[in-house]
Amino acid sequence: RYPKKLEARRGRAPVSTMDLFATLTTLADLPEPDTNLSKSLLGSAREAVFSEVLSYDGAGLSLAAKLYPQVEVRDQARTYRTVREGDWKLTVDDHGEHELYDLGTDPMETEPVQDAARTAALQQRMEAWWSSIPAYKASERGPNDRPVIKDRDREMLEALGYMIEDDE
């Protein structure tokens, strides 16, 4: 806690770790960033929080493919995107499957809710938010943006599936 500006408190509003940046700029008396990605936790509460999770890594899929050649492991690779708005949470994967939960009545997410209208509204909100984020362009990086990686570290990162070449 930062005693000069904050009193200890708890809240139920959804937050994102991305909000730490805007919160720290507020605490430092700097202007809040002009972005929809980070929102100060000292201001008004977010209406919704968005997230994305990959269910795999390249090295893990390669190893699984070697160990189980009879199984098409690439079908297991999924990206999950989630929106939480109030007590409602919708998770959609890149194969088009989705699950909707009412966290107010089912905080452990054991029983998906079938509500086509709510699912459609949350999915539309999620798509609008993701489309508002500018695409990452490797070509816009400056010469100082690339970290210096030692050969040994690069080999280890490649073995783990973390090193990929930029498309641009």
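The values are calculated or read from the model by the stated rules, or taken from the named source; none is laboratory data. Computed from a predicted model, the values in this text were never measured in an experiment. Cβ atoms come from the backbone with ideal geometry, glycine included; neighbour counts cover every protein chain shown. Just the protein is used for accessible areas: all its heavy atoms, side chains included, with ligands, DNA and RNA removed. Shrake-Rupley method; radii C 1.70, N 1.55, O 1.52, S 1.80 Å.
Residues that are part of a helix (DSSP H, G or I) and farther than 16 Å from Trp88 by Cβ were ranked within the range 129-138; the one that is farthest from the chain's Cα centre (by Cα) is Ala138. For the range 72-84, taking the residues that are open to solvent by 70 Å² or more (accessible area, probe 1.4 Å) and more than 18 Å from the chain's Cα centre (by Cα), the one that is nearest to Phe50 (Cα to Cα) is identified as Gln76. All of (1) touching a Lys or Arg at 6+ places or on another chain (Cβ under 8 Å); (2) open to solvent by 40 Å² or more (accessible area, probe 1.4 Å); (3) under 25 Å from Leu20 (Cβ atoms) hold for Arg46 with one exception: (2). Return the residues of the range 145-163 that are surrounded by 10 or more Cβ atoms within 10 Å (Cβ to Cβ), in a loop (DSSP other than H, G, I, E, B) and modelled with pLDDT of 75 or more; say none if nothing qualifies. Listed by number, the residues that qualify are Ile149, Leu160, Gly161, Tyr162.
There is at least one residue in the range 94-103 that is open to solvent by less than 50 Å² (accessible area, probe 1.4 Å), under 20 Å from the mean Cα position of the chain (by Cα), at pLDDT 80 or above and closer than 21 Å to Leu54 by Cα. Note on the range 104-126: residues that are open to solvent by 90 Å² or more (accessible area, probe 1.4 Å) and touching a Ser or Thr at 6+ places or on another chain (Cβ under 9 Å) total 1. Looking across the range 104-131, the residues that are among the small types (Gly, Ala, Ser) and farther than 18 Å from Glu52 by Cβ come down to Gly104, Ala116, Ala117, Ala120, Ala121.
Of Asp87, Asp166, all but one fail to be open to solvent by less than 70 Å² (accessible area, probe 1.4 Å) and modelled with pLDDT of 85 or more; the exception is Asp87. Against the condition part of a loop (DSSP other than H, G, I, E, B) and either of a type in the set (D, E, K, R) or touching a strand residue (DSSP E or B) at 6+ places or on another chain (Cβ under 9 Å) (or both), how does Gly142 come out, does it pass? Here the answer is no, as Gly142 does not meet what is asked. Only strands (runs of 3 or more DSSP E) whose full extent lies in the range 30-105 are considered here, and the ones with at least 3 residues that are farther than 25 Å from Met163 by Cα, in contact with a Pro (Cβ under 8 Å, 6 or more places away or on another chain) and not polar (S, T, N, Q) are 98-102.
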